[in-house]
Amino acid sequence: MREIHSLQELKSLIGQEVATSDWVEISQERINMFAEATGDLQWIHIDVERAKRESPFGGPIAHGFLTLSLLPMLTANAIHQSDVKMGVNYGLNKVRFTSPVPAGSKVRARMKLLNVEDITGGAQMNWEVTIEREGSDKPACVAESISRRY
């Protein structure tokens, strides 16, 4: 876990890869729960036997938005800012789902700090987040994530 003690320290990291999260397994159970929560019940995610037979991926894959939704957890796993009372997600500038995440895969996030901007009561940060899949040369997701710290 990367410990960041001040806004000045954070600003000194602009342009650098700041942290890498631990690996997290994307189980079929997690995929099913996400499908139920979002109503995205497409068979390529939840019908294991059909996905094995008919999917070009050879089995069920995680929803792209499930992979993306892991950003807050993966970030919290990798970075702690000790001088922050609260952090919030502010949005995304660009997201690409560049390769599938088969059920049973493990993913992790690599975070590069692109920018820090002072705002009233805190700072806004732009991060380039690359979600890697264990054993794959191609990332599963690349996103520019915007967050705020207060």
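The values are calculated or read from the model by the stated rules, or taken from the named source; none is laboratory data. This one's a predicted model, so the numbers in the text were calculated from it and none came from an experiment. When we count neighbours, we look across all protein chains shown, and the Cβ atoms used for this are built from the backbone with ideal geometry, even at glycine. The accessibility values were calculated without ligands, DNA or RNA, using every heavy atom of the protein model including side chains. Shrake-Rupley method; radii C 1.70, N 1.55, O 1.52, S 1.80 Å.
Could you report segment 13-59's accessible area per residue, 1.4 Å probe, as an integer in Å²?
With the other protein chains kept in place, segment 13-59 gives 62 Å² per residue.
Out of segment 35-125, which trypsin sites (Lys or Arg not before Pro) are coil in DSSP terms and have no more than 15 other C-beta atoms within 10 Å?
For trypsin sites (Lys or Arg not before Pro) across segment 35-125 that sit outside H, G, I, E and B with at most 15 neighbouring Cβ atoms in 10 Å, the list reads K85.
Could you state the per residue volume, in Å³, of the convex hull enclosing the Cα atoms of segment 21-75?
In segment 21-75, the Cα hull volume divided by residue count equals 78 Å³.
Determine the calculated [θ] at 222 nm for the chain from helices alone, applying -39500 (n - 2.57) to every DSSP H run no shorter than 4 residues and normalising by the residue count; nearest 500 deg cm²/dmol.
On the way: 6 runs with 41 residues, N = 150.
Computed mean residue ellipticity for the chain: -6500 deg cm²/dmol.
Give me the dipole magnitude in Debye, nearest 20, for the chain about the Cα centre, with unit charges on the beta carbon: positive for Lys and Arg, negative for Asp and Glu.
Result for the chain is approximately 140 debye, rounded to the nearest 20.
Report, in debye and to the nearest 20, how large the dipole of segment 73-146 comes out about its Cα centre when Lys and Arg carry +1 and Asp and Glu carry -1 on their Cβ.
Result for segment 73-146 is approximately 300 debye, rounded to the nearest 20.
Quickly work out the L92-to-K106 label distance, labels modelled 7 Å from Cα along the C-beta direction, and quote it in nm with one decimal.
If labels sit at K106 and L92, their model points lie 2.4 nm apart.
Hey, how many Å between the Cα centroid of segment 69-135 and the Cα centroid of segment 38-66?
Centre-to-centre distance over Cα atoms comes out at 25 Å.
Let me check I have the definition right: for segment 36-123, take the eigenvalues of the Cα gyration tensor, multiply each by 5, take square roots. What are those semi-axes in whole Å, largest first? Show your work: numbers first, answer last.
Details: eigenvalues 233, 33, 29 Å².
Over the Cα atoms of segment 36-123, the ellipsoid semi-axes are 34, 13, 12 Å.
Specify the residue with the greatest mean-square fluctuation among T38, T67, T20, computed from a Gaussian network of the chain linking alpha-carbon atoms under 10 Å apart.
T38
Quick one: helix 28-38 against the long Cα principal axis of the chain, what's the angle to the nearest 10°, folded into 0 to 90?
70 degrees
Can you tell me the FRET efficiency between S69 and E3 if r is taken as the Cβ-Cβ distance and R0 is 25 Å, rounded to the nearest 0.05?
Values: r = 25 Å, r/R0 = 1.01.
Plugging the Cβ-Cβ distance into 1/(1 + (r/R0)^6) gives 0.50.
Which whole-number percent gives the relative contact order of the chain, counting Cα pairs below 8 Å spaced six or more residues apart?
The value is 30 percent.
Would you calculate the separation in nanometres between label points at E117 and T38, each defined as 7 Å from the Cα along the Cα-to-beta-carbon direction?
2.7 nm
Express the accessible area of segment 72-146 per residue in Å², computed with a 1.4 Å probe while the remaining protein chains stay in the model.
About 52 Å² of surface per residue is accessible.
Determine the shape class of segment 75-145: with a ≥ b ≥ c the square roots of the Cα gyration tensor eigenvalues, call it rounded for a/c under 1.5, and otherwise prolate if a/b is greater than b/c, oblate otherwise.
In terms of gyration-tensor shape, prolate.
Would you work out what percent of the accessible area of segment 43-103, with all protein chains in place, is carbon or sulfur (probe 1.4 Å)?
Working: 1970 of 3510 Å².
That fraction is 56 percent.
Go through G58, A37, A103 and say which Cα lies farthest out towards the positive end of the charge dipole of segment 6-150; charges sit on Cβ, +1 for Lys and Arg, -1 for Asp and Glu.
Projecting each Cα onto the dipole axis, the largest value belongs to G58.
Mind checking Rg over Rh on the chain, alpha carbons, Kirkwood formula for Rh?
Reported Rg/Rh (Cα atoms, Kirkwood Rh): 1.03.
Across the chain, how many lysine pairs separated by 8 or more positions, or lying on different chains, have Cα atoms within less than 24 Å?
Here the count comes out as 11.
Once ligands and nucleic acids are excluded and a 1.4 Å probe is used, how much of F34 is accessible, expressed in Å² to the nearest 10?
Counting only protein heavy atoms, the figure is 40 Å².
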